[in-house]
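The values are calculated or read from the model by the stated rules, or taken from the named source; none is laboratory data. Since this is a predicted model, take the numbers as computed values, not measurements. So basically every Cβ, Gly included, is an ideal-geometry build from the backbone, and we count neighbours across all protein chains shown. Please note that ligands, DNA and RNA were not included when accessible areas were found on the heavy atoms of the full protein model with its side chains. Shrake-Rupley method; radii C 1.70, N 1.55, O 1.52, S 1.80 Å.
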Amino acid sequence: MRPRIALLNAAHDGDDNRRNFRRELDADLVEYDVTERELPDTFAFDGCLVTGSRASVYWDEPWIRDLESWVDAAIDRDIAFLGVCFGHQLLAHALGGTVEPMDEYEIGYRTVEHDGENELLAGVDESFTVFTTHSDRVAEVPPGATTFAENDYGIHGFRKENVFSVQFHPEYDPETAKTVTKGKDEQLADERIDAVLDGVTEENYRAACEAKRLFDNFTEFAARHAGGVTGATTAADD
């Protein structure tokens, strides 16, 4: 049976997120526009996914605090989580880690290394290509968490129990990579933007598709984990 997953869409224009995650996740997705303060009124999910956003987790925005509060409560109910980019940072912050602004923007197809021991990246080469775009980073993972992926810009993946998160964007297609890059015109020099766009090639995209394996790994974990939780998914609805 396909797992039921809450898609907590944190993009202010969520169309790209919606298209990308619905394409990649073999699950029954229930979507919430969390920037409009839409949040589930139930915890009856096998898993939850927090997407990327142009926001920073430390901004004083009511929707961010509402989201973090709901995420805290869901984690307490032992629901499996996956965070991507902003979601990675929000999960780190919610669990007691440290998120901070970076000195340099990371953007474009980059190489990330993983330790080969975390099941989220099972089947992915230990040195792999992904698209990245972020100006904040997780500086310290939460207490009790394990870092499983890094590059020279910092932490790209951590796990704490049933919570997984990655800084990179495994869901991006070339269209999204180009749109996001072009949208950085107020933050990056034209030469930097052009260089990143030049790197959005079919070869790089094919290489980055290897990391999409993590979506199957997560949905399989979420279904298995929910099946092992006492009372199963519907019992979490309180």
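Can you tell me which residue among Asp72, Asp76 is closer than 23 Å to Ile5 by Cα, acidic (Asp, Glu), out of contact with any helix residue (DSSP H, G or I) (no Cβ under 9 Å at 6 or more places or on another chain) and surrounded by fewer than 14 Cβ atoms within 10 Å (Cβ to Cβ)?
None of the others qualify; the one that does is Asp76.
Take Thr179 and decide whether it is closer than 23 Å to Glu100 by Cβ and surrounded by fewer than 22 Cβ atoms within 10 Å (Cβ to Cβ).
Criteria not met by Thr179.
Would a scan of region 126-148 turn up a residue that is closer than 30 Å to Gly228 by Cα, within 13 Å of the chain's Cα centre (by Cα) and not polar (S, T, N, Q)?
Checked against the condition, which is being closer than 30 Å to Gly228 by Cα, within 13 Å of the chain's Cα centre (by Cα) and not polar (S, T, N, Q), region 126-148 yields no hits at all.
What are the pairs, 6+ residues apart or on separate chains, where a residue within region 55-69 that is under 13 Å from Leu91 (Cβ atoms) has its Cβ under 6 Å from a residue that is open to solvent by less than 50 Å² (accessible area, probe 1.4 Å)?
Val57/Gln89; Val57/Leu90; Val57/Val99; Leu67/Val34; Glu68/Ala94
Pairs, please: C-beta under 7 Å, at least 6 apart or cross-chain, first residue in a helix (DSSP H, G or I) and in region 201-213, second open to solvent by 50 Å² or more (accessible area, probe 1.4 Å)?
Partner pairs satisfying both residue conditions: Glu210/Asp125; Arg213/Gly123.
Mind telling me which of the residues Arg18, Arg2 ends up being among the basic types (Lys, Arg), part of a loop (DSSP other than H, G, I, E, B) and at pLDDT below 95?
Arg2
Out of the residues in region 49-69 that are part of a loop (DSSP other than H, G, I, E, B) and over 21 Å from Gly183 (Cβ atoms), state the one that is least open to solvent (accessible area, probe 1.4 Å).
Only one residue fits best here, namely Tyr58.
Could you please let me know if Val124 is in a loop (DSSP other than H, G, I, E, B) and either within 20 Å of Val180 (Cβ to Cβ) or open to solvent by less than 40 Å² (accessible area, probe 1.4 Å) (or both)?
yes
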